[in-house]
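As structure tokens, the structure follows; a few thoughts come after it.
The values are calculated or read from the model by the stated rules, or taken from the named source; none is laboratory data. Keep in mind that what you see is a predicted model, and the values were worked out from it rather than measured. When we count neighbours, we look across all protein chains shown, and the Cβ atoms used for this are built from the backbone with ideal geometry, even at glycine. Just so you know, the surface numbers come from the protein's heavy atoms only, side chains and all, with ligands and any DNA or RNA stripped out. Shrake-Rupley method; radii C 1.70, N 1.55, O 1.52, S 1.80 Å.
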Amino acid sequence: NKKAFVELLFWKNPTTVCEMTKGYSSLQEGEGAPKSRVPPWAPQEEQELRELYWKYKEVEGEDVIAAILAHLPTPGRTRRQVVKQLVRM
């Protein structure tokens, strides 16, 4: 690639480096960046999150997000994901 020197001026993630070395269309469907995608919130999860927020938002001296995470029926959600979803809603 004659213009690879321009590519080297910017930070790269492993997926981009793999594409640069093997060719830009070398990644197959399902490889690389899509692995790190966060699963979307189902409508029932959003409703449960909304109910838990209204239940724990008035509790004095307790972290609202920690209480929601403890009672969230779907395990595997991070604190950041919960906060981001609450802000979005």
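Which count do you get for residues in segment 1-16 that are over 22 Å from the mean Cα position of the chain (by Cα) and open to solvent by 50 Å² or more (accessible area, probe 1.4 Å)?
Counting residues in segment 1-16 that are over 22 Å from the mean Cα position of the chain (by Cα) and open to solvent by 50 Å² or more (accessible area, probe 1.4 Å) gives 9.
Can you tell me how many residues in segment 38-89 are modelled with pLDDT under 85 and among the β-branched types (Val, Ile, Thr)?
3
What tally of residues in segment 38-86 results from selecting those that are surrounded by 15 or more Cβ atoms within 10 Å (Cβ to Cβ) and without any contact (Cβ under 8 Å) to a residue 12 or more places away in the chain?
Residues meeting the conditions: 2.
Hey, among LYS35, LYS22, which residue is over 19 Å from the mean Cα position of the chain (by Cα) and either open to solvent by less than 50 Å² (accessible area, probe 1.4 Å) or modelled with pLDDT under 90 (or both)?
Details: LYS35 fails: over 19 Å from the mean Cα position of the chain (by Cα).
On inspection, the qualifying residue turns out to be LYS22.
Considering segment 42-87 alone, what residues qualify as being within 11 Å of the chain's Cα centre (by Cα) and in a loop (DSSP other than H, G, I, E, B)?
If the condition is that a residue be within 11 Å of the chain's Cα centre (by Cα) and in a loop (DSSP other than H, G, I, E, B), then ARG77, THR78 are the ones that fit.
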